[in-house]
Structures are given as structure tokens and as C-alpha cells.
């Protein structure tokens, strides 16, 4: 009996102790939870990073670091990437890729593409759905064009690959073209890897990555197809078909004052389909060499920043800031206007090199703007553009303050002397490219130049069959551009909104604004961009234009710029292969009180695919903040 009593007491004591321990543990957990809840949690801004590794034995491997704030501590590997998607916040995504010089160029290129593809796979897929997939299935003519386009680009790619093995060993240009295609192969592999990680089972045809990267050539290829490939239907007369698109605009202005020294102001506005408004700021820091030798010299342009699109390895806007050990330059381009279809007759497309590959080769290889033009003169078949090149190294960085009044005067006088090579114009028509150093003309025209695709070089203008009646430089001078706010306003008042064209509304027009400044005195740059169709707020509005009855001349004052263009009605747009006169462009912009909204679209705009887009394109300017400054 005594032993049984002891057993009962012992069991009761054990249960009591266990209960006490449970209560104590619960209390400690509650206290811990309280402290954890009140601790400062790390705040992430949506930036995702990854690193690519490579070895001869195991090939490529990617480590994903999820969201990070300590971007400087991301392991280097062959290459590393940080990517942030803030499309719904400001209209832009941001991507930065960096590779290491001690790896072979092909490894760097493939790793860069692999990293970009795997982190941006969803953006790439939406861009493909909105543009290539939807456009090619629109109607029978579109299907025929895309079938021909896929065959043409596949044949072209095969011809380029055949040339690469022999030419790239002794030709720096072909080596860079080779690296472009290695990067594209990496992009395709990265896209598949990213889609698999997300258990996404849809596919993008491999050839359509070529189509996306031919976006800058598409306009020219369409003209070629309509005039020299597609046969007239029975009973239909053969007619020339040319498509004059709304103008993109670019403007460059050099200002100078005693306080700030010389400052370059640059503005650029792209034209494009509303379906293609998924935008990415990209920065490629790819440390390529002139040849395969990984111990050789690096190319001049190792650091290229541009505004671009998902799945495309160059800008296609086009706007670039190129930096390197001896390079700091701006390259800006707009589609050139050409009314002479005969220039296409001697073009052989199977030997063409896509614009994105050519321009990135020139951006990397060129140490001067003259050499950039020389590199771009190779295979000038498609991607016809008007380019403005600015060599920021030519801005006199010796502009310093001095306590000696006479030396101040001497410095100021010296700075008014143009430095050759500062400002170049490069213009390409089918089969030819012309380039001129326009520094003297730039300085004589109040240190200002503006272009909208109307050829500026006399020989190119004559060959195009156009006249120089609509050159923008005269209006830019009248507008008195003095800072980036004036650049912004000038671009807005010369913009086009296709969705505001009433019954003829189309999803096409100016889809961004870009504003860049560079101060020579301290070498600082400032870059802002606005995504989406341009709208004019109250502070952008202008007064009605006045004319002189006897001469019918238009008053080209700052207040008259927008309506001046509407009276000229000089811009035409194309849709369904019909020319549509734009008589109400500026008037429609004047009436516009708000941003473009997909939910309020009408006409043909409603039918346009726009996966991944915000509904309302009402964004302020955005300036990229890069992670790696070395």
C-alpha cells in the first residue's frame, strides 16, 4: 500500500512539473514573439539579384539571392544581375548586369543573357504576347508577313553564323556580332529556365526571339515585303506602298554660364505601338575584349546604359549613354523619313545584320564618334535611322573658377571655340550611310540642334526625295531651351497621340520622354524618363497660333509651336496599309486633360493586347539608381 501511494505521489509531482515546464515554455514563446514583433524588420524594395557561375567541367550555374538590399555584396561569379519591376509604380523596370573581364567573352555574353532571361522571363513573355504573337495573328496579310519574316530572319541568322567562325578571329566587328548572338542564346536559355522555375508551361518559338530583336528593322522589312515580295492580287494594279510614321523627336542644346560652366541638355521621344510599352532601363557592364583572348585589351565601351524593352538586347528607341575608360558619349536615333522606294531595289536581305547587333558593336568598339559612324556603315540595309552623336569628352573639363579676372575672360573665350568631333550627325538610307562632323554648325546655330527624321545631310535629303521644309531646329531656337524643364515641354508640344484621333484612333504615337543633362565642370549626369503616351497638363498648354494674312506665314514663337505643326499637318500614320492624314494632332493634345487609360480606350485601340500594363499611364519622371558604380 505504501509503495502504491508513493507511485501516485510521484506521478502527480511529475505531471505538475511537466505542466509547469509547458507553461514556462509558452510564456517564453509569448515574450519572444512580442520582442520579434517589435523588432525592425528588413524593408525590401522589390530588387531581386542573382549570380551566374561557370566552369569548364560543369558549365553554367545560377544562384538566386531573392530580394536584397546589400547589392554591393552580391557575389561576382562570371556575372551578376539585379532587377526591379516597378512598372505599376512609375512605368519602368530596371535591370543591371555586370560581368568579369577574366572570363572568355563568350562566357560573359552567355551568362549576361542567361541572367536577364531568367529574372525577366514573365516580362519577356508578356512583351511577346502583346507584340509578336498578337500582331502575327491579326489577319491574313499579317500572317503572310510574319511567315516571310521568320523565314528571312532564320536564313539571315544562318548566313551570319557561317561568316562568324572565320571572320571573328581577325575582325573586331564580327567578334562583337558573335558576342551579341551568344548573349541572345543565353537569353533564350534563361527564359526557359525562369519559366520552368515558375512552373509555367507555355513556350515562345525560338525564332521569335529573332523577331523581337528585329523590332528596329521591322518597319523597313514591312516596306520591303509590301513592295518587293507580296504580289498584287488578281485584277489589282501594282502600286508603291510607303508608310510615313509619326515623328520621334530629339534635341540637343549646349548651355554655358559662369556658375555651372558647360552643360549639355539632351531630349528624346520615341514613337511606337501602345502594345510595346513594357519598358526597362538597362545597364550592361560587359567587359568584352577586341578578340577571343581574355587577357587582351578591353573594348572602349564597356558600360552601356539605355532605355529598352523586355527580350531585346539593345535600345530600339534609340537612346544610349556609353561609358568606358576613354569614352563618355550619347547616341540618340529616330526613324529617318524616306520617300524613295527605289533605294530598296538593290538590297540583299540575306546579308543584312540586324540594327541591334550593329549598334551594340559600334557602341562597344568606337572610341570616337567618327569611328562609331565607320563601324555602323557596315551592312547598312535595314534599321534606317537619323542619329545624333555627342562626345561628352570633348566638353572642356578644364572649365574651373579662377580668382584672376583676366584669366576668367580667357577661359570663357577659349570655351566658345568648337572642339572638332563633339557633335556628329549620321543618317542611313537603304544601302548607304552618311556621316558628318556638325560641330561647327551646331555652335553657329546657338549651340542647338533638333531632328525629327527629316534628313539633315544634303546628299541624304536629296536621295530621300523629301524637302527640308519641316526641320525642327528653327522652332527649337525660338523655344529658347535653357534647362530640362524646357526640354520636357518642347518634346511634349511636338508629340503625337494616336488614340486622340477621333474615329481614326490608333494605338500608336510618342510613348515616352527622355531628358539627359551632363555638366562638364564636375562631370555629373542627370537622366529622367517618363513612360507612356504623352499628355499635356495645364502648365504645358500654349496660346493659339497667329498668322499673317498677306504672307500666310506661321508665327514661330515659343507659344506657337504646337499648333504650328497641326496647321502644317505634315505627319502621316499608317494602319492597315492606309495613309491617314493627321490634321488634328496638336488640337487633340490641347484638349487632352489626362493620361492615356486602357479602360477608356476606343476604336481600334480597344483590340490591342496589353498584358502586364497598368491601366492608367499617369507617371512622373523616373531616374534610375544603379547598384554598382565601379
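Which residues among the range 50-91 fall inside the zone where the amide N is under 20 Å from a point 7 Å beyond the Cα of residue 615, along Cα→Cβ? Taking a point 7 Å out along Cα→Cβ of residue 615, the residues of the range 50-91 whose backbone N falls under 20 Å are 86-91.
For the range 80-126, the spherically averaged projection of the C-alpha convex hull amounts to 3.5 nm².
Highest mean first, the peptides 45-51, 173-179, 427-433 sorted by other C-beta atoms within 10 Å per residue fall in the order 173-179, 427-433, 45-51. Modelled this way, with points 7 Å down the Cα-to-C-beta line, the labels at residue 240 and residue 623 are 4.8 nm from one another. Straightening the chain between residue 526 and residue 467 buys 17.7 nm, computed as 0.36 nm per residue apart minus the Cα-Cα spacing.
Over all Cα atoms in the range 319-374, the spread is summed up by Rg and Dmax: 14.2, 43 Å.
Taking 30 Å as R0, compute the FRET efficiency from the Cβ-Cβ separation of residue 260 and residue 326 and round it to 0.05.
In this case the efficiency is close to 0.75.
Sketch the reach of a paramagnetic label on residue 43 as a point 7 Å from Cα along Cα-to-Cβ, and name the residues of the range 51-86 whose backbone nitrogen lies under 14 Å away. Hits in the range 51-86 for residue 43 at 14 Å: 69. Neighbour counts of C-beta atoms inside 10 Å place 606, 78 in the sequence 606, 78, starting with the fewest. The alpha carbon centroids of the range 287-360 and the range 437-454 are separated by 22 Å.
Each of the peptides 362-375, 154-167 was scored by the mean count of other Cβ atoms within 10 Å over its residues; in descending order, highest first, they stand as 362-375, 154-167. As a rough footprinting exposure proxy, the listed residues 54, 191, 424 were ranked by other beta carbons within 10 Å of their own, and the order from fewest upward is 54, 424, 191.
This ranking places 193, 66, 57 by how few other beta-carbon atoms lie within 10 Å of each, fewest first, which gives 57, 66, 193. For residue 444 and residue 29, the difference between the fully extended length at 0.36 nm per residue and the C-alpha to C-alpha distance is 141.7 nm. Site pair residue 607 and residue 61 shows an inter-label distance of 5.2 nm when each label is modelled 7 Å from Cα along Cα→Cβ.
Projected label points at residue 167 and residue 222, each 7 Å from Cα along the beta carbon direction, are separated by 2.8 nanometres.
Computed packing ranks the peptides 528-535, 310-317 as 310-317, 528-535, most packed first, by mean other Cβ atoms within 10 Å.
A short reminder: the numbers here are calculations on the coordinates, not readings from a lab. Fair warning: this is a prediction, and the values are worked out from it, not measured in the lab. Neighbour counts run over all protein chains shown; Cβ positions are idealised from the backbone, glycine included.
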